[in-house]
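A short write-up of the structure that comes next.
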């Protein structure tokens, strides 16, 4: 079987993929609405929709002199599904990497005799960190939303927001989580 037949004949560029994702299945889209939702100019939307139509992802249907309806073709719906699936796979891959890297980080500090941790932040990264810390029986943690809520003591601060670590760069008991993840991604 030829692997080339499994490939998309004419792959979408990122802006085309973005526009395709903003076109609803019911066809109730104006270029202005797609522009607003995508952050791209109306002129660029016009060009991208024409490209999508030429590639068979979108069908243009004139409603009247002024209005055009943009309908997803079955190929367009399949491509939206494929892009969504790739996005979900990529997201799970990243989350699994983050968990692995957070385990490495926590192990490193547990080996340095830290068993108490403070998570600063109330976002997705802090939730992943909280789940990872839950895997450690000998470690305890507290999660705070703001740096003002910090407790004193001998504990490692895991800063998901970045404001504490940027304002206290000399604090060796603080890890700026986004900087840590950036470093790990560059090592890949």
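The values are calculated or read from the model by the stated rules, or taken from the named source; none is laboratory data. Bear in mind the structure is a predicted one, so any value in this text is a computation, not a measurement. Every residue, glycine as well, gets a Cβ built from its backbone with ideal geometry; the counts of neighbours run over all protein chains shown.
Observations, loosely collected:
- Only residues that are in contact with a strand residue (DSSP E or B) (Cβ under 8 Å, 6 or more places away or on another chain) and either loosely packed, with under 13 Cβ neighbours inside 10 Å or under 14 Å from residue 12 (Cβ atoms) (or both) were counted across region 62-84, and they come to 6.
- Single unsatisfied condition, residue 148 versus (1) over 16 Å from residue 102 (Cβ atoms); (2) modelled with pLDDT of 85 or more; (3) part of a helix (DSSP H, G or I): (2)
- Filtered residues of region 19-56 (kept if in contact with a strand residue (DSSP E or B) (Cβ under 6 Å, 6 or more places away or on another chain), surrounded by fewer than 19 Cβ atoms within 10 Å (Cβ to Cβ) and either in contact (Cβ under 8 Å) with a residue 60 or more places away in the chain or farther than 19 Å from residue 84 by Cα (or both)): 27, 53
- Test: residue 59 is surrounded by 14 or more Cβ atoms within 10 Å (Cβ to Cβ) and more than 25 Å from the chain's Cα centre (by Cα): yes
- Any hit, region 92-105, residues being closer than 30 Å to residue 133 by Cα, touching a strand residue (DSSP E or B) at 6+ places or on another chain (Cβ under 8 Å), touching a residue at least 24 places away in the same chain (Cβ under 8 Å) and in the same structural domain as residue 124 (by TED's automatic domain parsing): yes
- Helices (runs of 4 or more DSSP H) contained entirely in region 1-114, each with at least 2 residues that are modelled with pLDDT of 90 or more and closer than 30 Å to residue 158 by Cβ: 74-111
- Which numbered condition residue 137 misses (of (1) at pLDDT below 80; (2) out of contact with any strand residue (DSSP E or B) (no Cβ under 9 Å at 6 or more places or on another chain); (3) assigned to a loop (DSSP other than H, G, I, E, B)): (1)
- Residue within region 165-187 that is surrounded by 12 or more Cβ atoms within 10 Å (Cβ to Cβ), at pLDDT 85 or above and in a loop (DSSP other than H, G, I, E, B) present: no
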